[in-house]
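Read through the structure below, which is laid out as structure tokens, and then see the notes.
The values are calculated or read from the model by the stated rules, or taken from the named source; none is laboratory data. Just so it is clear, the model here is predicted, and its values are computed rather than measured. We place every Cβ from the backbone using ideal geometry, glycine too, and count neighbours over all the protein chains shown.
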Amino acid sequence: MSANAKTMQLAPLSDEQTLQLQQLTDTFDVQALHWLAGYAVGRAHALDIGGNQQLGLRLPEQAAVSAGPQQRLVILYGSQTGNGQVLAERYAAEMQAAGIEVLLSNMQEFNVRKLKDEHNLLIVVSTHGDGDPPDDAVDFIEQLSAKKAPKLNQLEYAVLALGDSSYPDFCVTGQRIDTRLAELGGTRLAECAMADLDIEEVAEPWWAKLQPIWQQSLQNQTAGQPGSNVTQLHPVSPQSEYNRKNPYQAELLTNQLITADAAEKDIRHIELDLGDSGLQYQPGDALGVWPVNPQPIVDAVLQATNLQADLSIANADEQHSLNSWLSARREITLLSKPFLQAHLERVKSAGDRSELETLLGNDQRQQLSQLFDTHQVVDVLQRWPADWSADDLVNNLRTLTPRMYSIASSQAVTEDEVHTTLARVAYQAHGSQHWGAASNYLANLDAEEAADVSIFIDSNPRFRLPEDSSRDIIMVGPGTGIAPFRAFVQHRAALGGAGRNWLFFGAQHFRSQFLYQLEWQRALKNNHLQRLDLAFSRDQQQKIYVQHRMLEHGKDLYAWLENGAYFYVCGDAKYMAADVEAALHQIVIEHGSKSADQAAEYIRNLVREKRLLKDVY
């Protein structure tokens, strides 16, 4: 049945829910439909027995069978962008298929006190920003860190920590949880695994070691048969053959500068043709782009190391020239702590070694963070000369990873196109020109010439529109943070939902950086956008940012929240997101007549209810 065909209402679903269900199941094969039936039974069972949102995953024919704590595996995840959730769901599905009873839960929805009754625990948790836990892990960590946290002498556990080694506090959230579980008496089944942006390089061997251990100790014949086929929690349809490992070569349709020529920032609107790829996305998802490093930076690295571009280097069953490794397979525009530590071992000068060793000390976190913000690999090579062989350089540089850009379009409107918004990173530092990898690569592509971009869709289930389209939404998106909200407004207009849309947008200057100005004016005129508040920080003597506009309209904003509105933030994680949350806290205090602690709890409840959603970077 096509998505446009007349629908028959399925009681007790609404017309909109019926349409959504039919659109979803149109893409499922027989195996996926069987899985969906079992999922629904298990979901209903979990709600019936607990009235909570924890999900005990079970095979369809065994939905009513429940193993005791000693025979089951608890899998908890804390994730800001969804990567941790996807991994946790995959591990749950594989253990289930092997006959293991699994309880899968978001950390936010799991009470730490219940761990005293559990014997087997797997945790997947990310660290985002500069050492921050994901929003849905905050309550769990607070409970686990409290003095009254339960003793866990009976617990065997393992922690997979996800992070980004271009930050000083790499994977710190997972490490802290791992340490605390041990302090409470838990027994590690494996050392805390710390996965960088190339998650699979660490996660795959770690899971391959743990999986047979738990299968052997927890095999439960009543929950399923060992060796049964794995049913993915997100069934893969024939349309989704393109992914991170197998990207689609999308034709560039538009590369449009959307800031004035004299603007301080070069911001682009990019449109790509999905052709017959079958790739599908939802508002809130991200576009994964495989970049190519700028050749001038590659040349500078070669010069700083005195290595030849045409050297043939073998690494991990691949063989390429050194130039090829540096251009398309290794990170050279981002620093990482492991690379700095490897560089220290090779530094020639004793004075340089001492300086770099001090920077890498435990008490130099702020200085190290500043180094990551201001230096690329070539800057380190030039500042502290070292003896690198080509093989060692390739082996110690971080694997090049795709860049994620918020999708700025709704497929309900653009159909076989995907749009995004990017700011080109280009600046002078340390006496030479510097560029970002993907932003420079995309900005230099010419839509008038044949140009293909290696892309995939990165699903972000943590940044979704309300299922109930009658709910109001408040969107805060300065700069390129505006991208997903263009998709949100497009989508809500196409579906005709009754919910109101309120947008806060900020940039430096009205005349040169009001992104998508005509579109927002048209949306206001057509009543697809009910409110638009703007903050252009440099157009007056006193700087004005989006958080100031929020405070100005705090009474109305609080009223919208009290009426059930969803609150979204997209953009800079280091400064903007914290300032916006501080403004929200102040609004709740002032207009909700609450104390600081009560306002903090109010905001935590918004997070728990999935009504405060962030896509920050």
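Taking the criterion of being over 17 Å from Pro294 (Cα atoms) and in contact with a Ser or Thr (Cβ under 8 Å, 6 or more places away or on another chain), would at least one residue in segment 437-447 satisfy it? For segment 437-447, residues over 17 Å from Pro294 (Cα atoms) and in contact with a Ser or Thr (Cβ under 8 Å, 6 or more places away or on another chain): present. Of the residues making up segment 390-408, one or more are in a loop (DSSP other than H, G, I, E, B), touching a Gly at 6+ places or on another chain (Cβ under 7 Å) and of a type outside the set (S, T, N, Q).
Within the set Ala412, Ala342, the sole residue that is within 30 Å of Arg462 (Cβ to Cβ) and either at pLDDT 95 or above or within 23 Å of the chain's Cα centre (by Cα) (or both) turns out to be Ala412. For segment 302-358, a residue qualifies if it is β-branched (Val, Ile, Thr) and outside any strand (DSSP E or B), and the qualifying residues are Thr305, Ile332, Thr333, Thr358.
Annotation note: of Leu400, Leu422, Leu381, Leu442, the sole residue that is touching a residue at least 60 places away in the same chain (Cβ under 8 Å) and out of contact with any helix residue (DSSP H, G or I) (no Cβ under 9 Å at 6 or more places or on another chain) is Leu442. Check segment 439-449 and report whether any residue there is touching a strand residue (DSSP E or B) at 6+ places or on another chain (Cβ under 6 Å), surrounded by 13 or more Cβ atoms within 10 Å (Cβ to Cβ), assigned to a strand (DSSP E or B) and not assigned by TED's automatic domain parsing to the domain that holds Leu495. Within segment 439-449 (the criterion being touching a strand residue (DSSP E or B) at 6+ places or on another chain (Cβ under 6 Å), surrounded by 13 or more Cβ atoms within 10 Å (Cβ to Cβ), assigned to a strand (DSSP E or B) and not assigned by TED's automatic domain parsing to the domain that holds Leu495), the answer is no, since none of the residues qualifies.
Quick grid of which residues meet (1) surrounded by 13 or more Cβ atoms within 10 Å (Cβ to Cβ); (2) small (Gly, Ala, Ser); (3) over 23 Å from Asn315 (Cα atoms):
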| site | (1), (2), (3) |
| --- | --- |
| Ser349 | no, yes, yes |
| Leu368 | yes, no, yes |
| Asp379 | yes, no, yes |
| Arg383 | yes, no, yes |
| Ala386 | yes, yes, no |
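The single condition among (1) modelled with pLDDT of 80 or more; (2) part of a helix (DSSP H, G or I); (3) surrounded by 18 or more Cβ atoms within 10 Å (Cβ to Cβ) that Glu94 does not satisfy is (3).
Checking each residue of segment 550-562 against the condition of being charged (D, E, K, R) and in contact with a Leu (Cβ under 9 Å, 6 or more places away or on another chain) gives no match. Is it the case that Arg511 is of a type in the set (D, E, K, R), crowded, with 22+ Cβ neighbours inside 10 Å and either in contact with a Cys (Cβ under 8 Å, 6 or more places away or on another chain) or touching a residue at least 40 places away in the same chain (Cβ under 8 Å) (or both)? It is false that Arg511 is of a type in the set (D, E, K, R), crowded, with 22+ Cβ neighbours inside 10 Å and either in contact with a Cys (Cβ under 8 Å, 6 or more places away or on another chain) or touching a residue at least 40 places away in the same chain (Cβ under 8 Å) (or both). Being modelled with pLDDT of 95 or more and assigned by TED's automatic domain parsing to the domain that holds Pro478: is that true of Ala573 here? No: the conditions fail for Ala573. The number of residues in segment 47-91 that are at positive phi and either part of a strand (DSSP E or B) or modelled with pLDDT of 55 or more (or both) comes to 1. For segment 204-218, the set of residues classified as more than 13 Å from Ala190 (Cα to Cα) and surrounded by fewer than 14 Cβ atoms within 10 Å (Cβ to Cβ) consists of Glu204, Gln216, listed by residue number.
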